[in-house]
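The values are calculated or read from the model by the stated rules, or taken from the named source; none is laboratory data. None of these values were measured; they are calculated from a predicted model. Because the Cβ atoms are built from the backbone with ideal geometry, glycine has one as well, and the counts that use them run over all protein chains shown. Each accessible area value is taken on the protein alone, full model and side chains, heavy atoms only, with ligands, DNA and RNA left out. Shrake-Rupley method; radii C 1.70, N 1.55, O 1.52, S 1.80 Å.
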Amino acid sequence: MKTMRVAQVPAAKGKFEIVERSIPEPSHGTVRIKVAACGICHSDALVKEGLWPGIQYPRVPGHEVTGTIDAVGAGVTRLKPGQRVGVGWNGGYCGQCDNCRRGNLFACETGQVTGISFDGGYGEYMIAPASAVARFPDELSPVDAAPLLCAGITTFNALRNSGARPGDLVAVHGIGGLGHLGVQYAAKLGFKTVAIARGEDKEPLARQLGAAIYIDSQSQDPAAELQKLGGASAIIATVTNGPAMGAVAGGLGIKGRMMVVGAADSLQVSPLFLLLGNRSVTGWYSGVSIDSEDTLAFSARTNVKSMNEAFPLERVSEAYERMASGKARFRVVLTMQ
Ligand SMILES: [Zn+2]
Ligand SMILES: [Zn+2]
């Protein structure tokens, strides 16, 4: 019997273990992917630390997966062996429930999450529902592209659904794993792009990524600075600090919308400020497989790149610590060969 290596979390708060398992066969409606690379995301802490209700252990995390289909289960017509594909946070949808029938596939009542509901990409092979699989352009390398399946789709999809139009003032708050991609996408989408981060030292990078304007939130009031520029049509809030996010929200222009993609604990915004200007604060779920395909294709076409630190699978513990330290520039990616 052929075997594969995977990195599993044996129990909540347990240490990663590299184990040999038999290579699984794809069941009806699923495909088997030979994994090339998998990003390590902050959300993988949900598995590692046992923060997701009902999770079954051992569990293989990983929802920024790139690779090649090597076997296809019965009933799968769209995908074929040999295709380059990726899998993100959305672990597929049923197409039958009321949310799916209303077109809200991301909110499918089956609620499958890659690497949480079923084993993810920290291993040589994985099984994924066909509805979770995104096709992947040849121009992108698997390591470069892996974080685009989570950090990329989240920011790209938030920007294109923000209501902002080309030429509008759009701010990206935070230049980390999400924000360094958000700034590139905003610039490539034709927005007048503002990057907001703490400290002067981030300015050269922000400009290199495509920001036309940089606001240092330590030495300047970001809301006042945005208002001086006419107010932002959209703000993509990638930080996880609630007060910092709240300090930027006041920079929304008339009908401006803050797209919240950073999981801060709480957020304070003045209702009067919102209602007097028809402003809004919207939570944004990353997207489904077709949004991943759009993200990958747009990234290839416009040369948007994630800045990554790569580690082989055997060094998963070190790689995870590197991500958790917040010091990685900017995303950490596991490679399988
Ligand atoms: Zn993620
Ligand atoms: Zn459904």
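Estimated at 0.36 nm per residue, the fully extended path between V19 and R5 surpasses their Cα-Cα distance by 4.5 nm. Under a no-solvent Debye model with one identical scatterer per Cα of the chain, what's log10 I(q)/I(0) at q = 0.09, 0.15 Å⁻¹? Calculated log10 I(q)/I(0) at the listed q: -0.47, -1.21.
Net length available on complete extension from D221 to E314 is 29.0 nm, with 0.36 nm assigned per residue and the Cα-Cα distance removed.
At a Förster radius of 41 Å, what calculated FRET efficiency corresponds to the Cβ-Cβ distance of K34 and N278, to the nearest 0.05? Result of the calculation: an efficiency of 0.25.
Each of the peptides 301-310, 179-188 was scored by the mean count of other Cβ atoms within 10 Å over its residues; in descending order, highest first, they stand as 179-188, 301-310.
A 1.4 Å probe over all protein chains sorts R78, R198, R257 by accessible area into R198, R78, R257, starting with the largest. Each peptide in 81-90, 278-287, 318-327 receives the mean, over its residues, of other Cβ atoms within 10 Å, and ordering these scores from highest gives 81-90, 278-287, 318-327.
Given a 1.4 Å probe and the protein chains as shown, H28 ends up with an accessible area of around 140 Å².
When only alpha carbons are used to place a centre, segment 102-159 and segment 264-299 end up 19 Å from one another. Sorted on the mean count of surrounding Cβ atoms within 10 Å across their residues, most packed first, peptides 50-59, 148-157 read 148-157, 50-59. Angle of helix 316-325 to the longest C-alpha principal axis of the chain, folded into 0 to 90 degrees and rounded to 10: 10°.
Among Q184, A310, A224, whose Cα lies farthest out toward the positive end of the dipole of segment 183-323, if unit charges sit on the beta carbon of Lys, Arg (+1) and Asp, Glu (-1)? Going by the Cα projections, it comes out as A224.
Sorting L276, L105 by accessible area puts them as L276, L105; the probe is 1.4 Å, largest comes first, and only protein heavy atoms count. Distance from the alpha carbon centroid of segment 317-335 to that of segment 7-59 works out to 17 angstrom.
Heavy-atom accessible area for C100, with the other protein chains in place and a 1.4 Å probe, reaches approximately 10 Å². In the complete set of protein chains, residue-level accessible area for D201 is approximately 120 Å², probe 1.4 angstrom.
Under unit Cβ charges (Lys, Arg +1; Asp, Glu -1), what dipole magnitude, rounded to 20 debye, does the chain have relative to its Cα centre?
So the magnitude is around 500 debye.
Could you compute the FRET efficiency for R101 and E200, with r as their C-beta to C-beta distance and R0 at 45 Å, rounded to 0.05? List each step's numbers first, then the result.
Working: r = 51 Å, r/R0 = 1.14.
Computed FRET efficiency for R101 and E200: 0.30.
Note on the chain: Lys pairs 8 or more places apart or on different chains, Cα atoms under 17 Å apart, count 9.
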